[in-house]
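What follows is one structure encoded as C-alpha cells, with my remarks underneath.
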Amino acid sequence: MQTNKITAVILAAGQGTRMKSSHPKVLHQILGRPMIAYLLDTLINLGISDILLVVGYQAEKVQEALQDYPVRFVVQEPQLGTGHAVQMAMAAVPPETQEVMVLCGDAPLISGESIDALRQLHKNHQAAVTIQTVVLPDGLHYGRVVRDEAGRVTAVLQSKDSVDRPEILAIREINTGAYSFDSQFLREALDQIPKSPVTGEIYLTDLIHIAKAQGRAVEALIDPDVDSLLGINSRSELAQATQTVKRKINARHMDRGVTLMDPEFTYIETGVTIGRDTVIYPNVYLQGNTVIGENCLIESTVKIVDSTLEDGVHIKMGCVITQSRLGKGADMGPFAHLRPLSDLRPGVHVGNFVEVKKSVLHEGVKAGHLTYLGDAEVGPGTNVGAGTITCNYDGAKKHKTTIEEGAFIGSNTALVAPVIIGAGAYVGAGSTITKDVPPGQLGISRARQVNLERRLIGKKKEQG
Ligand code: UD1
Ligand code: CA
C-alpha cells in the first residue's frame, strides 16, 4: 500500500543476558523456528525487501542460521546500545531510502497489519519519527512513553534510568521498539544521541526528544495487539510468545474446519496444513512441512514431523511419525513408530509396537503387532505376523527384504536380508529365513518339535 522507498533495520546484536543462555537470543525457538524468522517472514510478505539485520553477539551463528533469507547483515561490535546499533546500520541504508523502519529482533511477532498501521500514520503526518506503543497494566522493564498535557509524545524514558522517578515508572504506556523514521532526519540526528548517564548506552529512544527539540513532528500509535508486540527477554516471556503463536495458529485451523479437542495442548507449527473435519486430541505435535488430509483422527500424545497423511487416516495414541507418508484410510498404533522414508499405501494397518523404517507397505498390508520392518518392500495384501523382524543390518551394511503380493509371514519370524519371499508364499511361524522362498511355497526353518516322556527327562538329568 505504501510507495515510499523503505529500508527495515532489525536490531539483533544484543546478547540477551536475561535469557541465561549460551545461544544468541534471536535464535531461541518458537514452535520449531528461530524467533526472528517470524519477523523476517512478515516483512517479506509485506514486500519490504531491503532488510538490514544488525548482529553482534555470536554474529556468525545468527548469520549462518539465516543464510537463506534475503537480508543484509551489519555487524555491531561492541554493542553500545540500540542507538549505536542503528548508527552502524545507517551506512548501509541506500541514499534513496525515504523511510527507515526500526524493529527489534526480540519482538518478532508484530503483525503485518500493525506494521502497515504504523507506516500509514507516519506517512499521513510526515513525521520525523513515529513510535508504536502499547498500554500495559504495569510498565515493567519497558521504556515509558512520556506525553505532555496536550497528549503529545515528548520522550521515551528507560525504566532503568528512572528508578528514582516514580511518576515515570507509573506510566503504563510503553514503547514496543518498532519505529518509522524519516530517513534524512535519522541520518542527521543519530550522531546527536548522548550516552545514558546511568548505563552508558546510546539509546535510540533519545531521538524522540531530539526530534521534538528540532520542532519536528513525533507521532505515536497505540496498538491494541499487546500479546504480539511485547519483547522477549526471558524464558518466561519466550513461553508467553510461544502461547501467542500457538493460539493464533490453532485458531486459524479451527476457523478452517479442524476440530482441536483442546487447543491449549495442541502444538502445530506454521508450515503445517490440515484438511477439514480432521479431529485432533490433546498433546499432539505437528511439525515441519506436515500435510494432513481431511477426516483424519489423531489421538493423544502423537508427534508427526515432515510427513503426509492422506484423507481418513487414523493415528492411535502414542505414535511418532517422521518423514513418512500414510495413504488414504491407513491406520497405525497405538504406540507405533514410522521412521524416515516409510511409505504406507492406502488401507495399510500397522498395529501396536510396530516400527517401520525406509520401507514401502503396499495397499492393504497388515502388520498388527510387535514387528520391525526396515529397508523392506511388502507387497499388497500381505499379512505380517506378530513379532516379525527384518534383519536388515549385518553389522556393516543394510540389506533389502522383499515380500511379494499376498504373502503370509507367520509369527515370530526373522527374515535375514537380503531375502525375497515370493508372491503368495507362506513362512512358518518361528522361522529364521536366510534363503529366498519361491512364490506359492511354504518356507519353514525351525527345529522339529519332540515330545518326550517326562520320566525320561528325569533320568537324563540324573545321568548328566
Ligand atoms: C528496548 C527499548 C525500550 C522498549 C523495549 C521494547 C531502548 C534503549 N530501549 O529496551 O524502550 O520498551 O526495547 O522491547 O531502545 N540491540 C542491539 N545492539 C545493542 C543493544 C541492543 O542490536 O547494542 C538489540 C537487541 O538485540 C534487541 C533490541 O536491540 O533485539 C532491543 O534491545 P534490548 O537490550 O532488549 O532493549 P530493551 O531493554 O528491551
Ligand atoms: Ca528487549
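The values are calculated or read from the model by the stated rules, or taken from the named source; none is laboratory data. Keep in mind the model is a prediction, meaning the values are calculated, not measured. Note that we place each Cβ from the backbone using ideal geometry, even for glycine, and neighbour counts take in every protein chain shown.
Keeping to the stretch 155-180, report how many residues are over 19 Å from VAL198 (Cβ atoms) and either within 15 Å of ligand 2 (Cβ to nearest atom) or surrounded by fewer than 22 Cβ atoms within 10 Å (Cβ to Cβ) (or both).
Filtering the stretch 155-180 down to residues over 19 Å from VAL198 (Cβ atoms) leaves 172-173, 176, 178-180.
Imposing the further condition that a residue be either within 15 Å of ligand 2 (Cβ to nearest atom) or surrounded by fewer than 22 Cβ atoms within 10 Å (Cβ to Cβ) (or both) reduces the set to 172-173, 176, 178-179.
Of the residues in that region, 5 qualify.
Condition test on ILE421, is it surrounded by 23 or more Cβ atoms within 10 Å (Cβ to Cβ) and in contact with an Asp or Glu (Cβ under 7 Å, 6 or more places away or on another chain)? Spell out how you get there, then give the answer.
On the way: surrounded by 23 or more Cβ atoms within 10 Å (Cβ to Cβ): yes; in contact with an Asp or Glu (Cβ under 7 Å, 6 or more places away or on another chain): yes.
Here the answer is yes, as ILE421 does meet what is asked.
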| message | List pairs: first residue in the stretch 140-152 and within 17 Å of ILE210 (Cβ to Cβ) and in the same structural domain as LYS212 (by TED's automatic domain parsing), second residue within 16 Å of ligand 2 (Cβ to nearest atom) and not hydrophobic (A, V, I, L, M, F, W, C) anywhere in the structure, Cβ distance under 8 angstrom, at least six positions apart or on different chains. | response | GLY143/GLN158; GLY143/SER159; GLY143/ASN175; GLY143/GLY177; GLY143/THR205; VAL145/THR133; VAL145/ASN175
| request: Specify the residue that is farthest from the chain's Cα centre (by Cα); the eligible residues are those in the stretch 1-27 that are buried (at least 21 other Cβ atoms within 10 Å of the Cβ) and free of Cβ contacts under 8 Å to residues at least 60 places away in the same chain. | output: PRO24
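If only one of GLY81, GLY16 is within 16 Å of ligand 1 (Cβ to nearest atom), at pLDDT below 95 and either closer than 29 Å to LYS123 by Cα or small (Gly, Ala, Ser) (or both), which one is it? Lay out the reasoning, then the answer.
Details: GLY81 fails: at pLDDT below 95.
Going through GLY81, GLY16 in turn, just one is within 16 Å of ligand 1 (Cβ to nearest atom), at pLDDT below 95 and either closer than 29 Å to LYS123 by Cα or small (Gly, Ala, Ser) (or both): GLY16.
Under 35 Å from the mean Cα position of the chain (by Cα) and modelled with pLDDT of 95 or more: is that true of VAL146 in this structure?
Working: under 35 Å from the mean Cα position of the chain (by Cα): no; modelled with pLDDT of 95 or more: yes.
Answer is no for this residue.
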| query | So is ALA91 assigned by TED's automatic domain parsing to the domain that holds LYS195 and surrounded by 23 or more Cβ atoms within 10 Å (Cβ to Cβ) or not? | reply | no
| Only one of ILE51, ILE30, ILE44 that is away from ligand 1 (no atom under 11 Å from the Cβ), under 30 Å from LEU286 (Cβ atoms), modelled with pLDDT of 95 or more and surrounded by fewer than 20 Cβ atoms within 10 Å (Cβ to Cβ) | ILE44
| task | Kindly establish whether GLU377 is within 28 Å of SER324 (Cβ to Cβ) and not in a loop (DSSP other than H, G, I, E, B). | result | yes
| field | Single match in ILE321, ILE249 (criterion: crowded, with 16+ Cβ neighbours inside 10 Å, assigned to a strand (DSSP E or B) and not assigned by TED's automatic domain parsing to the domain that holds PRO34) | value | ILE321
| remark: Filter the stretch 119-134 for residues that are touching a helix residue (DSSP H, G or I) at 6+ places or on another chain (Cβ under 9 Å) and assigned to a loop (DSSP other than H, G, I, E, B); the one that is surrounded by the fewest Cβ atoms within 10 Å (Cβ to Cβ) is ALA127
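Taking GLY347, is it assigned by TED's automatic domain parsing to the domain that holds LYS303 and assigned to a strand (DSSP E or B)?
Values: assigned by TED's automatic domain parsing to the domain that holds LYS303: yes; assigned to a strand (DSSP E or B): no.
No.
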| Do we have any residue at all in the stretch 265-281 that's assigned to a helix (DSSP H, G or I) and not assigned by TED's automatic domain parsing to the domain that holds ARG119? | yes
| task | Mind telling me which of the residues SER114, SER196 ends up being within 25 Å of ALA8 (Cβ to Cβ), small (Gly, Ala, Ser) and modelled with pLDDT of 95 or more? | result | SER114
